[in-house]
Amino acid sequence: MQDFLAYTVLGICLGSVYAIAATGLVVTYSTSGVFNVAHGAVATISALVYWQLRQGWHLSTPLAIVLTICVFAPAVGIFLELVVMRGLRDTSEVTRLVIPIAVLLAINGLATWVWFRDGSRAIVPKKFFGEQHLQVLGQAVYYHQVIGVGLAMATAGGLYVLLYRSRLGVTMRATVDDRRLLMLNGGRPDRASLGSWAIGAGLAGLAGVLLAPQQGALQIFALTLLVFDAYPAAVGGRLRSVPITFVGAMVLGLTRQYFDWVSHAGQSWLALRNLRNAIPAILLFAALLFLPQGRLRGAVVARTRERFTVPTMKQAVAWGGVLIAAMAMLQALMKGAAVISLANGMALSLMALSLVLLTGYAGEINLAVYTFAGVALIVAWQLDVGPTGLATRASLSVTAILAAMLVCAVVGGLIALPALRLRGLYLGLATFAFGTIVYQLVILQTKPLRGSIFGHQFTINLFTTGSLTVPRPHWFGIDFRDQRAFLMLMTVMFVLIGLALVGIRRSAYGRMIIAMKDSPAACATLGLNIMRLKLGVFMLSSALAGLGGLMWAAQQRTLANNNNFDGFASLLLFMIAVVGGIGYISGALLAGIFLSVLSVVMPNIFIKLGSDYPSLHWFFVTGIGNFTKFVGPALIGIRLGKNPSGIAQQVMDGFRPLKRVPLGTAAWASSIVVLWFLSWRGAIGHWTFALVVIGSVFIVPRVLMGMFPERFEDVANAGQEDPDLIGLARPFQRHDRDRFDRELALPGHDRSRSDATS
Amino acid sequence: MDQKSFRVVAAVAVLALIAAACGSDRTAATPSTVPAAAAAPIAPDATTPAETTPVDTAAPGTATPDTTPTDTAAPDTAAPDTVAPDTTPESTVPPLPMFGDAPWPCGPGGGDNTDDGNEVGVTTDSISIATGDDAGYAGSPGLSHEITDAMKALVAECNDLGGINGRTINLNYYDAKLFETPAAMQSACDASNFFLVGEGWAFDSNQEEIRLGCGLPAVPTYSVSAAFAHGANVYQGVPNPADETTSGIFAQIAKLFPEASKHVATLTGAFSATQETRDKIVSVGPKFGWGFAETTLESNPVGEADWTPFVKQIKDSGAEMISWQGSCLPGLLLFAQTAKANGLDLPIVVDSNHYTAQCAAANTDGALDNLYIRMSFVPFEDASLNPATQDYLDLIAKHGGDVAMLGAQATSSFLLWATAASACGAELTRTCVLQNLADTHSWTGHGLHAETDPGSNHPPKCSSVLHLVGGTYERVVPTAPATFECDDAWISPITGTPALTAALLDENRISQQFAAG
Amino acid sequence: MPLLECQHLNVAFGGAKALNNVDVTADSGAITGLIGPNGAGKTTLFNCVTGLLHPSSGVVVLDGRDITRLPPFKRSRLGIARTFQRLELFSSLTVRDNIRVAGEIASRWQRPRVDPRRETERVLDLLALGHLADRDVTEIPTGMARRVEVGRALMTRPKILLLDEPASGQDEAETEEFGDLLLQLCADGIAILLVEHDVSLVMKVCSYVHVLDFGSTIARGTPNEIQANPVVLDAYLGADQEP
């Protein structure tokens, strides 16, 4: 009994901190509709700032607290609202998730750069009042923890007063319901938004300062994950209700402590040892089951700027051929290590393809793509290696791949079920929670878990030695342990799957998926069972994620159990895929290339420069090199805000006009091939080849447009002018007539658009 | 907007393709690859570093680089003396520059180097070697960079002395960034390196297939996986085989704490590497009188929000000593603080990875005052009494960089390789160097650490124990500085661990796991 | 018996009553009008009928069957189709594909199946949208877009069509045509419940009209009766009517 009470006290202490963290999230969500994933990063950087003020510069505790929680954190919140969140208002759910991810990575990158760029130093935050503690029921309870409880209660009370008794609070609540109406009634929704972001960020900062000392030495991503643990409480409160969030946070804290008590800090059930770390994720699923059905929303995308055009099958096949040929040519030029980078990129592109279907076409969210890779790996392993096999000699079979895809589909279906009737964000959270659970309970599992199905022995945990060698295929007499061969195999697979996806997109099924994304409400009124369709798409996408993930694992050849399975890698992949242009196959390709080549090769360039010029090492490596790690994600977020359709769209728009000068384009393409040949033979250097090709990408379109101006009249003027001013600001041109006809929807003179797609 | 962002994208693509096209050919041109200094004949009438006895203190090691290069004996004087480690009675022969208790294995050689063109990375006047660390890993920037600091300094010194028999060492650096080991190894292979020397890549199981495929031999700073520790053509200054473990610590602790060591609780980070270490301890400890009260406690390596349950569990088990597998920061510090707050005050036995400046610096409140650390290297506190340690510190002080035990370990591996290479004389081949390495059965890194057997891949049978008090590490046993207690019985065999099983050792204890088959 | 019956529907948002004990019926082969000022609750009523909103009390009966508890997609499969006040088009698709996909969705559950492609062309013709068929649905004028929504709704071969301001954005000639189309549809047996602000259209096509204001029914009757009703004039037709 004494123990029970003692653990209850501990549970309340932990729950209090969770409550503060979760409430901050709820406050910002309820006034902006943005699930601010970066909330955890705000907590982390606030903890660092507090440490800097208190222990670095030795300010007094009260002053440091005020500066951190009442000045710095709210300032960050206001900055985020003004610069980032405000622009998210009319965007899709996906964009509203991706940009906070970018912000998260940017803030964490910034924090790494400011405090950790010179390598491992130990930042050890101290608790309030140091190690002083009370003895409560035989348990040491730190003053720090007691303060946490007190602050939680103060937060609860303060928020109640704010939201229900103050003008600002009423305005905040009104902003949720109907912004325009509020403005018409003299309210200031913008000010209310700023207020709520300031408060939300302040609470995040407070949570960070309270949580940080419990970790020992501060690790940025680990602390962020600790804050994530509080999110199930917010979900339980439907991201709106502060009281329920509080209750949920207490439940969370108590459950964790009780589990520790009952399992003796995890000792009792060895196989479930990591369950304690998976408890928040499990409770998230439970919360999802109890949430009421979401309202069918109407079209949001109609009012956004996201646009995806679709290639014809012929175009797709042609581009596929070009890709295979280009890849073959490119890898012939490259050295071994560069081929590895390229192959890594191709594997990531394969994983991103699953997101083209799920997120690009259906508008749903999967934040655990790497986890499906892990699931696929476990299944394929059983079939191809088995408990007694030797991974380094085994080869990946088609049967294993198909079985892995099947299992991934089933697993995907199971995860999605609780979240299907809810809005897309919850599905994303469910996948993230799933990722955490698999990571903790399966991948980090070191106790052997064996069983048998139909007489077949199988092993759940694979990473018993901390690392795992993954078999590669051996097909058509080719041993794909050869890196270049495997690269080409993955390229071919990418093209085939890409073609299949284009085929889906152009089919009735594809149209239905797109329709479901564009307006679920309309689809329901057409008799579509949206949940079934969503389930089907999610299962198919999971199967693809498993396939891509298996190829990725095989590409890595040897995996460590902490290699990308912890959740952040999936977030990054999702973000880059969306930025690349998730509605396009080429967007997936760009994502993979970007992640691999740019984020690996660019830092390598800086490292090489820093090594070659040691006196400038600081500048190259710690300066620019690390700087790009956070500027990168930040720029990505901003870019996506400006063009939600992604990069692929813009690249293709840049190239589209070239179709009108087929001869010129053909000549250019042939010259590239010739140059490649010369480079391959060594007649010209690789550098030269790269520079010339890229330079031509700039120059040739301009040249062609200059040489044949009459073919590009409409492009030259398109999108830049108000139709009302045609004839006034400049003289009429022939193509203007067609444009007017289009604008006015006049029949007869209308000609199809020059790049008609179906 | 269209044009502008198109340009941005194109610019980004430019950089990507350039980077891809030029591959990852990295040459860290060290400042002293210029061979001029080494070859210049200097009259031997400058200040002579008088002492040549190995046991003497700093002077020879430190004086050599910044005094006149009398030690780089001109090719036309006293030629045959460059290789001989023992001092000749001839007073006209200048004494050899020392590192620790033995001379530098570097010098101008006989000028008769041959090169049949078949040996990778070797010419008549140069050797290309590869090294690296995980410094670029985003999660822990600068990881293991002390290795490279040491390697660069050593190579610079060696080249100043003439290189390996007059062959200048070109040091190529590759950053594995923890998870990019295959790319680093592939680059090392592609760049035609002679040997891999002193590299420290944590995820080394991921490299073996490539390394074996290109036949690159290695003398690394450390190994993590069993496959690499038992890799073909791999030798280490301080071997770390998977089928044997150094067990002096058990005996020493049992002697220091005869009662407490019969009730040990293990506390391990939930990573297989640490879990494997724990399993080894649990299986070997009893042979030296250890008894275990609790062997299953595992903690979250990412961070525990609350260590109290663990403290409770240890208390309840009746343990009187704790054996910790993990790292000093963040886990151990916080655990120790929680333990102290809850009235748990037990000695904690840890491995040598807890001998770091950061760990000592973090012990501001004395929570870590119970730490007992196994050491097979001479601690820096004993540097004034141990020439090798002092030479290492001076080396880094001179060339810049950071000091850590990892750097000392890198030094040992470099000297091991350099000694073996130097002994090959004019005709330098991989076969010859590997043979010399295989024949080295007694190695102390010129006095940096306890004696090991690199040639037969045996860990040290010697051990010492340090104790952390406040911010300093104090010696516990043996009491004489820069010494170790040794015993043949202190190497214990290990069998049946998952890592060993996976490594597939053949009868020569060489791993076949990644051998092409 | 009317095809659709809404009985005593009550919907409240917080403290405000959006629908207050509203009764509305619609008969097969007839066009029933639903008019009232903005905010009167007309779209709310549609949402109740189609299932996007749940009334706090009251029932919705279709063809004698109580559908108040059914999810939206099941109601649609029983024969309800609608258009939306704020366009709910599939903005990623062309005009043709918007209509075609409705047919493809319908062919999943409809028996007997109809070939979506042929049906699409028929509906495009019916609504005079042929010349816009390949255009992106976001690039066409609003009036045409409303017709696309109607076409889409028709693909499910509904028994009752709920039209929410379908004529807004169309000029006089187009509205005239549209009215004829509606009359033709109801001659084929479909019931139509029409929310409209265009008085002439309402007068022309509706056989019966319900008038809502502030969530309550304030009048009902034939178009002529409504036109003369002083309560309605007060609330809605307002100062336009010369005494």
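Would you be able to tell me the number of residues in the range B:296-344 that are part of a strand (DSSP E or B), more than 8 Å from every other protein chain (Cβ to nearest Cβ) and more than 19 Å from B:LEU468 (Cβ to Cβ)?
First, the residues of the range B:296-344 that are part of a strand (DSSP E or B): B:296-299, B:321-325.
From what's left, more than 8 Å from every other protein chain (Cβ to nearest Cβ): B:299, B:321-325.
Keeping just the survivors that are more than 19 Å from B:LEU468 (Cβ to Cβ) gives B:299.
Residues in the range B:296-344 being part of a strand (DSSP E or B), more than 8 Å from every other protein chain (Cβ to nearest Cβ) and more than 19 Å from B:LEU468 (Cβ to Cβ): 1 in total.
Any chance the range A:466-481 includes a residue that's touching a strand residue (DSSP E or B) at 6+ places or on another chain (Cβ under 7 Å) and surrounded by fewer than 17 Cβ atoms within 10 Å (Cβ to Cβ)? Show your work before the answer.
At the first step, the residues of the range A:466-481 found to be touching a strand residue (DSSP E or B) at 6+ places or on another chain (Cβ under 7 Å) are A:466-474, A:480-481.
Subsequent filtering for residues that are surrounded by fewer than 17 Cβ atoms within 10 Å (Cβ to Cβ) retains A:474.
Within the range A:466-481, one or more residues are touching a strand residue (DSSP E or B) at 6+ places or on another chain (Cβ under 7 Å) and surrounded by fewer than 17 Cβ atoms within 10 Å (Cβ to Cβ).
Criterion first (within 29 Å of the chain's Cα centre (by Cα) and either closer than 30 Å to A:GLY583 by Cβ or in a helix (DSSP H, G or I) (or both)) does A:LEU82 satisfy it?
On the way: within 29 Å of the chain's Cα centre (by Cα): yes; either closer than 30 Å to A:GLY583 by Cβ or in a helix (DSSP H, G or I) (or both): yes.
So A:LEU82 passes the test.
Looking only at the range A:499-551, which residues are in contact with a strand residue (DSSP E or B) (Cβ under 8 Å, 6 or more places away or on another chain) and within 14 Å of another protein chain (Cβ to nearest Cβ)?
Step one: of the range A:499-551, the residues in contact with a strand residue (DSSP E or B) (Cβ under 8 Å, 6 or more places away or on another chain) are A:525-526, A:550.
Hits for the range A:499-551 are A:THR525, A:LEU526.
Quick check on the range B:275-282. Is at least one of its residues farther than 25 Å from B:GLU485 by Cα, touching a residue at least 40 places away in the same chain (Cβ under 8 Å) and not aromatic (Phe, Trp, Tyr)?
Filtering the range B:275-282 down to residues farther than 25 Å from B:GLU485 by Cα leaves B:275-276.
Those left that are additionally touching a residue at least 40 places away in the same chain (Cβ under 8 Å): B:275-276.
Adding the requirement that they be not aromatic (Phe, Trp, Tyr) leaves B:275-276.
Among the residues of the range B:275-282, at least one is farther than 25 Å from B:GLU485 by Cα, touching a residue at least 40 places away in the same chain (Cβ under 8 Å) and not aromatic (Phe, Trp, Tyr), which makes the answer yes.
Can you tell me which condition A:LEU533 does not meet? The list is (1) under 23 Å from A:ALA281 (Cβ atoms); (2) at pLDDT 85 or above; (3) surrounded by fewer than 24 Cβ atoms within 10 Å (Cβ to Cβ), and all the others hold.
(1)
Scan the range A:423-441 residue by residue and report those that are out of contact with any Ser or Thr (no Cβ under 9 Å at 6 or more places or on another chain) and closer than 16 Å to A:LEU358 by Cα.
A:ARG423, A:LEU425, A:TYR426, A:LEU427, A:GLY428, A:LEU429, A:ALA430
Conditions first: (1) of a type outside the set (A, V, I, L, M, F, W, C); (2) in contact (Cβ under 8 Å) with a residue 12 or more places away in the chain; (3) under 27 Å from B:ALA273 (Cα atoms). B:THR483 passes all but one, so which condition is the exception?
Result: B:THR483 fails condition (3) only.
Can you tell me how many residues in the range B:474-517 are aliphatic (A, V, I, L, M), part of a loop (DSSP other than H, G, I, E, B) and surrounded by 13 or more Cβ atoms within 10 Å (Cβ to Cβ)? Steps first, answer last, please.
Looking only at the range B:474-517, we keep the residues that are aliphatic (A, V, I, L, M), and these are B:476-477, B:480, B:482, B:489, B:491, B:494, B:499-500, B:502-505, B:510, B:515-516.
Add one more test, that the residue is part of a loop (DSSP other than H, G, I, E, B), and what stays is B:480, B:482, B:494, B:504, B:510, B:515-516.
Subset that is surrounded by 13 or more Cβ atoms within 10 Å (Cβ to Cβ): B:482, B:494, B:504, B:510, B:515.
Total satisfying the criteria: 5.
Looking for whichever is within 13 Å of chain B (Cβ to nearest Cβ), crowded, with 24+ Cβ neighbours inside 10 Å and either over 30 Å from B:GLU209 (Cα atoms) or at pLDDT below 80 (or both) here; the options are A:GLY592, A:GLY580. Which one fits? Lay out the reasoning, then the answer.
Working: A:GLY592 fails: either over 30 Å from B:GLU209 (Cα atoms) or at pLDDT below 80 (or both).
The unique qualifying residue is A:GLY580.
Can you tell me which residue within the range A:5-31, out of those that are of a type in the set (Ser, Thr, Tyr) and buried (at least 24 other Cβ atoms within 10 Å of the Cβ), is nearest to the chain's Cα centre (by Cα)? Steps first, answer last, please.
Taking the range A:5-31 and keeping what is of a type in the set (Ser, Thr, Tyr), we get A:7-8, A:16, A:18, A:23, A:28-31.
Still in the list and also buried (at least 24 other Cβ atoms within 10 Å of the Cβ): A:16, A:18, A:23, A:28, A:31.
On the way: A:SER16: 29, A:TYR18: 24, A:THR23: 23, A:THR28: 20, A:THR31: 23 Å.
Ranking the qualifying residues of the range A:5-31, first place goes to A:THR28.
Do you know which residues across the range A:229-254 are hydrophobic (A, V, I, L, M, F, W, C) and not in a helix (DSSP H, G or I)?
A:ALA230, A:LEU239
Restricting the range C:124-139 to residues that are in contact with a Lys or Arg (Cβ under 8 Å, 6 or more places away or on another chain) and part of a helix (DSSP H, G or I), which is surrounded by the most Cβ atoms within 10 Å (Cβ to Cβ)? Give the derivation first.
Initially, the range C:124-139 is screened for residues in contact with a Lys or Arg (Cβ under 8 Å, 6 or more places away or on another chain), giving C:124, C:127-129, C:133-135, C:139.
If we keep only those that are part of a helix (DSSP H, G or I) as well, we get C:124, C:139.
Working: C:LEU124: 21, C:GLU139: 15.
Per the criteria, the residue is C:LEU124.
Pick from A:SER349, A:SER354: which is farther than 20 Å from A:TYR509 by Cβ and either modelled with pLDDT under 90 or in the same structural domain as A:ILE585 (by TED's automatic domain parsing) (or both)? Walk me through it before giving the result.
Numbers: A:SER354 fails: farther than 20 Å from A:TYR509 by Cβ.
Going through A:SER349, A:SER354 in turn, just one is farther than 20 Å from A:TYR509 by Cβ and either modelled with pLDDT under 90 or in the same structural domain as A:ILE585 (by TED's automatic domain parsing) (or both): A:SER349.
So which of B:ALA421, B:ALA383, B:ALA397 is more than 14 Å from chain A (Cβ to nearest Cβ), touching a Leu at 6+ places or on another chain (Cβ under 6 Å) and in a helix (DSSP H, G or I)? Lay out the reasoning, then the answer.
Values: B:ALA421 fails: touching a Leu at 6+ places or on another chain (Cβ under 6 Å); B:ALA397 fails: touching a Leu at 6+ places or on another chain (Cβ under 6 Å).
None of the others qualify; the one that does is B:ALA383.
Among the listed residues C:LEU93, C:LEU132, C:LEU89, which satisfies the condition of being of a type outside the set (S, T, N, Q), facing chain A (nearest Cβ under 8 Å) and under 24 Å from C:LYS74 (Cβ atoms)? Working first, answer last.
Values: C:LEU93 fails: under 24 Å from C:LYS74 (Cβ atoms); C:LEU132 fails: under 24 Å from C:LYS74 (Cβ atoms).
Sole residue among the options that is of a type outside the set (S, T, N, Q), facing chain A (nearest Cβ under 8 Å) and under 24 Å from C:LYS74 (Cβ atoms): C:LEU89.
Of all residues being in contact with a Phe, Trp or Tyr (Cβ under 9 Å, 6 or more places away or on another chain) and not hydrophobic (A, V, I, L, M, F, W, C) in the range B:326-341, which is nearest to A:GLN257 (Cα to Cα)? Just the residue, please.
Taking the candidates together, the pick is B:THR338.
Give the number of residues within the range A:354-402 that are over 27 Å from the mean Cα position of the chain (by Cα) and not polar (S, T, N, Q).
Initially, the range A:354-402 is screened for residues over 27 Å from the mean Cα position of the chain (by Cα), giving A:381-400.
Restricting the remaining residues to those that are not polar (S, T, N, Q) gives A:381, A:383-387, A:389-391, A:393-394, A:396, A:398, A:400.
Selection size over the range A:354-402: 14.
Which condition from (1) away from chain C (no Cβ under 14 Å); (2) assigned to a helix (DSSP H, G or I); (3) within 28 Å of A:SER397 (Cα to Cα) is the one that A:ASP566 breaks?
Condition not satisfied by A:ASP566: (2).
Taking A:ILE415, is it in the same structural domain as A:ARG450 (by TED's automatic domain parsing), among the β-branched types (Val, Ile, Thr) and not in a loop (DSSP other than H, G, I, E, B)? Can you show your working first?
On the way: in the same structural domain as A:ARG450 (by TED's automatic domain parsing): yes; among the β-branched types (Val, Ile, Thr): yes; not in a loop (DSSP other than H, G, I, E, B): yes.
Yes: the conditions hold for A:ILE415.
Filter the range B:181-233 down to the residues that are among the β-branched types (Val, Ile, Thr) and either surrounded by fewer than 24 Cβ atoms within 10 Å (Cβ to Cβ) or outside any loop (DSSP other than H, G, I, E, B) (or both), then identify the one that is farthest from the other protein chains (Cβ to nearest Cβ). Spell out the reasoning first.
Of all residues in the range B:181-233, those among the β-branched types (Val, Ile, Thr) come to B:181, B:197, B:210, B:219, B:221, B:224.
Within this subset, residues satisfying the condition of being either surrounded by fewer than 24 Cβ atoms within 10 Å (Cβ to Cβ) or outside any loop (DSSP other than H, G, I, E, B) (or both) are B:181, B:197, B:210, B:219, B:224.
Details: B:THR181: 8, B:VAL197: 17, B:ILE210: 8, B:VAL219: 21, B:VAL224: 8 Å.
Checking each candidate, the answer is B:VAL219.
Name the residue, out of C:GLU149, C:GLU104, that is buried (at least 17 other Cβ atoms within 10 Å of the Cβ) and within 7 Å of chain A (Cβ to nearest Cβ).
Details: C:GLU149 fails: within 7 Å of chain A (Cβ to nearest Cβ).
None of the other options fit; the residue is C:GLU104.
What tally of residues in the range B:127-157 results from selecting those that are crowded, with 20+ Cβ neighbours inside 10 Å and of a type in the set (Ser, Thr, Tyr)?
4
Okay, residues lined up against (1) crowded, with 21+ Cβ neighbours inside 10 Å; (2) modelled with pLDDT of 85 or more; (3) closer than 30 Å to A:ALA577 by Cβ; (4) not assigned by TED's automatic domain parsing to the domain that holds A:ILE582:
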position	(1), (2), (3), (4)
A:ILE101	yes, yes, yes, yes
A:GLY130	no, no, no, yes
A:GLY150	no, yes, no, yes
A:ARG165	no, no, no, yes
A:VAL170	no, no, no, yes
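Among the residues of the range B:244-301, write down those that are modelled with pLDDT of 90 or more and aromatic (Phe, Trp, Tyr).
B:PHE250, B:PHE257, B:PHE288, B:TRP290, B:PHE292
Residue by residue, here is whether (1) modelled with pLDDT under 90; (2) under 20 Å from A:THR525 (Cα atoms); (3) not β-branched (Val, Ile, Thr) holds:
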{"site": "C:THR120", "(1), (2), (3)": "no, yes, no"}
{"site": "C:GLY169", "(1), (2), (3)": "yes, no, yes"}
{"site": "C:ALA173", "(1), (2), (3)": "yes, no, yes"}
{"site": "C:LEU193", "(1), (2), (3)": "no, yes, yes"}
{"site": "C:ASP198", "(1), (2), (3)": "yes, no, yes"}
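Looking at (1) more than 22 Å from A:LEU275 (Cβ to Cβ); (2) out of contact with any helix residue (DSSP H, G or I) (no Cβ under 6 Å at 6 or more places or on another chain), which is the only condition A:GLN445 fails?
(1)
The values are calculated or read from the model by the stated rules, or taken from the named source; none is laboratory data. Quick caveat, the model's predicted, so the values are computed rather than measured. Heads up, the Cβs are rebuilt from the backbone with ideal geometry, glycines too, and the neighbour counts pull from every protein chain shown.
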